[in-house]
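*Asks:* Quick one: this structure, given as structure tokens, is what I'll be asking you about.
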Ligand SMILES: NC(=O)c1ccc[n+]([C@@H]2O[C@H](COP(=O)([O-])OP(=O)(O)OC[C@H]3O[C@@H](n4cnc5c(N)ncnc54)[C@H](O)[C@@H]3O)[C@@H](O)[C@H]2O)c1
């Protein structure tokens, strides 16, 4: 079945590259207008030009998801441009790999503030505009590491587990407004975030031996689920965390 998001407006955080960019392009390919957001202006300007070339209405709004004032500005500007946001994808994220005993407070705060507080900030800012319309889709990008640990990533694992719990709570709270809230938990995916890590032959072999499907995910493996969760086809799914991990978490 062809999914048609024509007339819908989607805001995707961290959409300058990687999974967020793939989600923005996939939602656009299904007909949605796109609000791009990233901390990096150049990257979203490039994606914006690409979308415009494809004939997609879009706007690129720079802003740090962990900064409540910046998130407020982005949300206001998005609504001024498109009158509403139907689909919010909280994707922006960072990782710090460091033994727990060496973690600084700054390391901890940067990851928790970006990955978890960022989801709170945007869900509230955009959710407040969805409530009066009694309609909305919120999709949070968590991780296999919200479910299973792979040290040393104390703050990352904590943030992703937090996103999964936050998703369930918000889904229960806003179901009465017909807003669905789900999370996608990608497994190991080829992006800039993982590029250097995957480039180490030993690491690559260690990880691939543990992925039942025997390959890393491409960003399109993740973005295709976001299109489904953004569509009317998924209207009765809420509060769920869905793994797209080649089977990593089943064994
Ligand atoms: N790549 C993987 O294997 C993998 C696996 C599981 C989950 N994830 C999650 O998927 C999401 C995207 O990951 P990716 O691999 O595409 O990462 P990436 O590093 O390639 O891209 C992340 C994007 O988010 C932006 N960003 C970072 N901090 C931001 C902030 N404070 N405000 C706004 N934008 C910010 C970056 O500029 C970048 O464009 C993250 O939440 C990540 O934790 C990735």
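*Asks:* Filter the helices (runs of 4 or more DSSP H) completely within segment 1-109 down to those with at least 2 residues that are free of Cβ contacts under 8 Å to residues at least 12 places away in the same chain and more than 13 Å from the ligand (Cβ to nearest atom). Don't jump to the end; show me each part of the working.
*Replies:* On the way: elements: 18-29, 41-53, 68-82.
Those helices (runs of 4 or more DSSP H) span 41-53, 68-82.
*Asks:* While we're on this one: Looking at segment 240-251 only, could you name the residues that are surrounded by fewer than 17 Cβ atoms within 10 Å (Cβ to Cβ), modelled with pLDDT of 95 or more and assigned to a loop (DSSP other than H, G, I, E, B)?
*Replies:* 240, 247
*Asks:* Is it the case that residue 126 is more than 10 Å from the ligand (Cβ to nearest atom), at pLDDT 95 or above and assigned to a helix (DSSP H, G or I)?
*Replies:* Values: more than 10 Å from the ligand (Cβ to nearest atom): yes; at pLDDT 95 or above: yes; assigned to a helix (DSSP H, G or I): yes.
Considered against the rule, which asks whether it is more than 10 Å from the ligand (Cβ to nearest atom), at pLDDT 95 or above and assigned to a helix (DSSP H, G or I), residue 126 comes out as yes.
*Asks:* How about segment 176-222: which of its residues are closer than 24 Å to residue 238 by Cβ, touching a residue at least 60 places away in the same chain (Cβ under 8 Å) and not in a strand (DSSP E or B)?
*Replies:* Listed by number, the residues that qualify are 187, 222.
*Asks:* Does at least one position in segment 129-139 carry a residue that is within 16 Å of the ligand (Cβ to nearest atom), in contact with a helix residue (DSSP H, G or I) (Cβ under 9 Å, 6 or more places away or on another chain), assigned to a strand (DSSP E or B) and touching a residue at least 40 places away in the same chain (Cβ under 8 Å)?
*Replies:* Within segment 129-139, the first condition is being within 16 Å of the ligand (Cβ to nearest atom), and the residues that meet it are 138-139.
Right, trim to in contact with a helix residue (DSSP H, G or I) (Cβ under 9 Å, 6 or more places away or on another chain) and you get 138-139.
Keeping just the survivors that are assigned to a strand (DSSP E or B) gives 138-139.
Now narrow it down to the ones that are touching a residue at least 40 places away in the same chain (Cβ under 8 Å): 138-139.
Yes, because at least one residue in segment 129-139 is within 16 Å of the ligand (Cβ to nearest atom), in contact with a helix residue (DSSP H, G or I) (Cβ under 9 Å, 6 or more places away or on another chain), assigned to a strand (DSSP E or B) and touching a residue at least 40 places away in the same chain (Cβ under 8 Å).
*Asks:* Which members of segment 151-164 meet the condition of being away from the ligand (no atom under 11 Å from the Cβ) and not in a helix (DSSP H, G or I)? Break it down into steps so the answer makes sense when it comes.
*Replies:* Narrowing segment 151-164 to residues away from the ligand (no atom under 11 Å from the Cβ): 151-152, 154-155, 158, 161-162, 164.
151, 152 - these are the residues of segment 151-164 that are away from the ligand (no atom under 11 Å from the Cβ) and not in a helix (DSSP H, G or I).
Residues checked against (1) over 24 Å from residue 7 (Cα atoms); (2) modelled with pLDDT of 95 or more; (3) buried (at least 22 other Cβ atoms within 10 Å of the Cβ):
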{"site": "140", "(1), (2), (3)": "no, yes, yes"}
{"site": "158", "(1), (2), (3)": "yes, yes, no"}
{"site": "169", "(1), (2), (3)": "yes, yes, no"}
{"site": "173", "(1), (2), (3)": "yes, yes, no"}
{"site": "198", "(1), (2), (3)": "yes, yes, no"}
{"site": "215", "(1), (2), (3)": "yes, yes, no"}
{"site": "218", "(1), (2), (3)": "yes, yes, no"}
{"site": "230", "(1), (2), (3)": "no, yes, yes"}
{"site": "233", "(1), (2), (3)": "no, yes, no"}
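*Asks:* Would you call residue 167 more than 10 Å from the ligand (Cβ to nearest atom), touching a residue at least 24 places away in the same chain (Cβ under 8 Å), within 18 Å of residue 12 (Cα to Cα) and not in a loop (DSSP other than H, G, I, E, B)? Outline the logic, then answer.
*Replies:* Working: more than 10 Å from the ligand (Cβ to nearest atom): yes; touching a residue at least 24 places away in the same chain (Cβ under 8 Å): yes; within 18 Å of residue 12 (Cα to Cα): yes; not in a loop (DSSP other than H, G, I, E, B): yes.
Yes, satisfied.
The values are calculated or read from the model by the stated rules, or taken from the named source; none is laboratory data. Source: prediction; values computed, not measured. Reconstructed Cβ throughout: ideal geometry from the backbone, glycine too, with neighbour counts over all protein chains shown.
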